[in-house]
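*Asks:* Have a look at this one before I ask anything.
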Amino acid sequence: DYIKGELTFPQSAFPKEPDTATVVKVGGKRCGCYRDPSGKLFAVELRCPHLGCILAFNPLQHSWDCPCHGSRFSADGRRIQGPAVRDLKRVRIEAEEDAK
């Protein structure tokens with residue numbers, strides 16, 4: 001799962017449709033972006049704060065899940081369950097055109 005996460009290539013655009021997620025690069029970092037049903041965009045760093053595995057979006061639970069050790073985070077990066085002990089780092093997006 002660790003290698004699979006490292007080989008996930010970012011997409012070139014933020015999610016456009018409500019209730020969807022994509023992986024993009026912002027400022028050279030791989031970020032998970034989720035657009036909630038109201039259209040608000042959230043961006044978080046995709047490295048689990050526990051041991052650094054790449055998180056994957058769980059569309060059924062609307063969460064970022066760690067395939068390595070089971071930590072889970074809300075779509076906006078708040079810790080739901082461990083072993084991670086802190087929230088994900090939020091990524092500031094100046095404009096949606098910043099994704100590269």
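The values are calculated or read from the model by the stated rules, or taken from the named source; none is laboratory data. Values in this document were obtained by computation on a predicted structure and should not be read as measured data. Glycine gets a Cβ as well: all are built from the backbone with ideal geometry, and neighbour counts include every protein chain shown. To get the accessible areas, we keep the full protein, side chains included, count just its heavy atoms, and leave off ligands, DNA and RNA. Shrake-Rupley method; radii C 1.70, N 1.55, O 1.52, S 1.80 Å.
*Asks:* Within region 31-42, is even one residue modelled with pLDDT under 90, surrounded by 17 or more Cβ atoms within 10 Å (Cβ to Cβ) and of a type in the set (A, V, I, L, M, F, W, C)?
*Replies:* yes
*Asks:* Working carefully through the options ALA21, ALA84, find the one that is in contact with a Pro (Cβ under 9 Å, 6 or more places away or on another chain) and assigned to a loop (DSSP other than H, G, I, E, B).
*Replies:* ALA84
*Asks:* What number goes with the only condition from (1) touching a Gly at 6+ places or on another chain (Cβ under 6 Å); (2) touching a residue at least 24 places away in the same chain (Cβ under 8 Å) that SER71 does not pass?
*Replies:* (2)
*Asks:* A follow-up question, please. Checking ALA75 against (1) open to solvent by less than 30 Å² (accessible area, probe 1.4 Å); (2) at pLDDT below 90, which test does it fail?
*Replies:* Evaluating ALA75 over (1) open to solvent by less than 30 Å² (accessible area, probe 1.4 Å); (2) at pLDDT below 90 leaves (2) as the failure.
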